[in-house]
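Report on the following structure.
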Amino acid sequence: MRFTSVFLFCLLAVFITCQSVTVEYPKYPATKEGRDLKQFLNGVKTVAFTLEPMNSEIWSHESNRSFVMMVPGKIYESFSKDSYFKILDLKDRPDVLEAKDTSLEGIQKNRKRIGEILSADAVLYVSVKQPESQCYVEAKMDYLALGLAVLRAATAGKDKNRQYSRAAASLVNDPIVKPTGVRKVYIPIEANMIRIDSGEMMKTVISKHSIIYNGVGDVSCPSILPSLSTALDESISEIQRRLSPKVESEDISIFTEDENPEVEALLLEGYEEITGENPNFHRAKISWEKADLKAKGKSWAAKANLATYYFSEGDYQKAIQFYDEAIRLGGPEDDYLKELKELMAPPQIEEEATEEK
């Protein structure tokens, strides 16, 4: 009975002193572009989105005007759902940005105000020009017809001549390659990510054409509005690939033990901030900063927790700084902290690795 009580006490002590939370962090591709993006975005988490005004009146086709109405919401929703960033929409926010300032120059001029009011780290400024489209007919394989032809030939029995004649007749009546309508769409898009602090910009221009097929055998041109929507989705995905890292998650230990009871209370307070009903990593950071201050910079646990906060924010420079400080203090989890540091190491550039071989 006594052994069981001691075991449960030790288990509880371990649970209290070292608990984990799932932390989302940015993952960059192992390419030169990925390395450059990582260096540019260091610390950028909250992004204000704005679209250059689109004048639908100069676009004669009714579907183009419908496309103009579709664009802002589609880009905003896609980035909000799929990107690493927290996206804030500048649309209908005259308190932040007046209509006359919605140019790229206006964003640069007013970026500090945008950052102060919205607590944003950067602005994503997107310009969409009038789409170009052309239609043509292309031979396309009808895999359903091919499957039916094979099935009919198989049911003809063992007589090979009968099989061949049955298959030939089937292909005459329903050929497996059929003329099909195709629409080729090009949407000129330019996207600029502008840092609030420095005004530095990273620009990407989408020059990819989207190919939209009609149903096999239907020679009519695919409908314009659905085709534009598909092309826009593909362009948005390309913008995200170039300007936003992927989101990865990791279960990371949060440390809540210290010899000083006051420091330990602040460490635990920070942990509770990220595990309560309204999790808030920023409030946790404030508690851990207080713990670090109370410990006069001697708490490895406070340093490690602060490193994890900056890791989650994508600020690898500060995260590595705090992990290094925690390791130098000689805590019991040095090996674990070194492993976390490796997650933030610059990826080996694929092109360079190929050249060395």
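The values are calculated or read from the model by the stated rules, or taken from the named source; none is laboratory data. What you see is a predicted model; the values in this text were computed from it and never measured. Here the Cβ is made from the backbone with ideal geometry for all residues, glycine too, and neighbour counts use every protein chain on show. For the accessible areas, the whole protein counts, side chains as well, though only heavy atoms, and no ligand, DNA or RNA atoms are used. Shrake-Rupley method; radii C 1.70, N 1.55, O 1.52, S 1.80 Å.
Highest-first packing order for the peptide set 123-134, 306-317 is 306-317, 123-134, based on the mean count of other beta carbon atoms within 10 Å.
Looking at segment 221-304, the GluC sites (Glu not before Pro) that sit in a DSSP loop and have at most 12 other Cβ atoms within 10 Å of their own Cβ are 259, 277. Other residues within the sphere of radius under 9 Å centred on the Cβ of residue 134, judged by their own Cβ, net out at +1 (K and R +1, D and E -1). Per residue, the accessible area of segment 253-344 comes to 51 Å², computed with a 1.4 Å probe over protein heavy atoms only.
Seen from residue 296, the other residues with C-beta closer than 14 Å to its C-beta sum to a net charge of -2, counting Lys and Arg as +1 and Asp and Glu as -1.
Based on Cα contacts under 8 Å between residues 6+ apart, segment 253-344 shows a relative contact order of 22 percent. Within a straight-line Cα-Cα reach of under 19 Å, residue 91 can be paired with the following lysines, leaving aside sequence neighbours fewer than 8 residues apart in one chain: 74, 81, 100, 109, 112, 129. Let me confirm the definition first: pairs of Lys residues in segment 253-344, 8 or more apart or on different chains, C-alpha distance under 22 Å. How many are there? Close lysine pairs found across segment 253-344: 21.
Taking Lys and Arg as +1 and Asp and Glu as -1, the other residues whose beta-carbon sits under 11 Å from that of residue 121 total +1.
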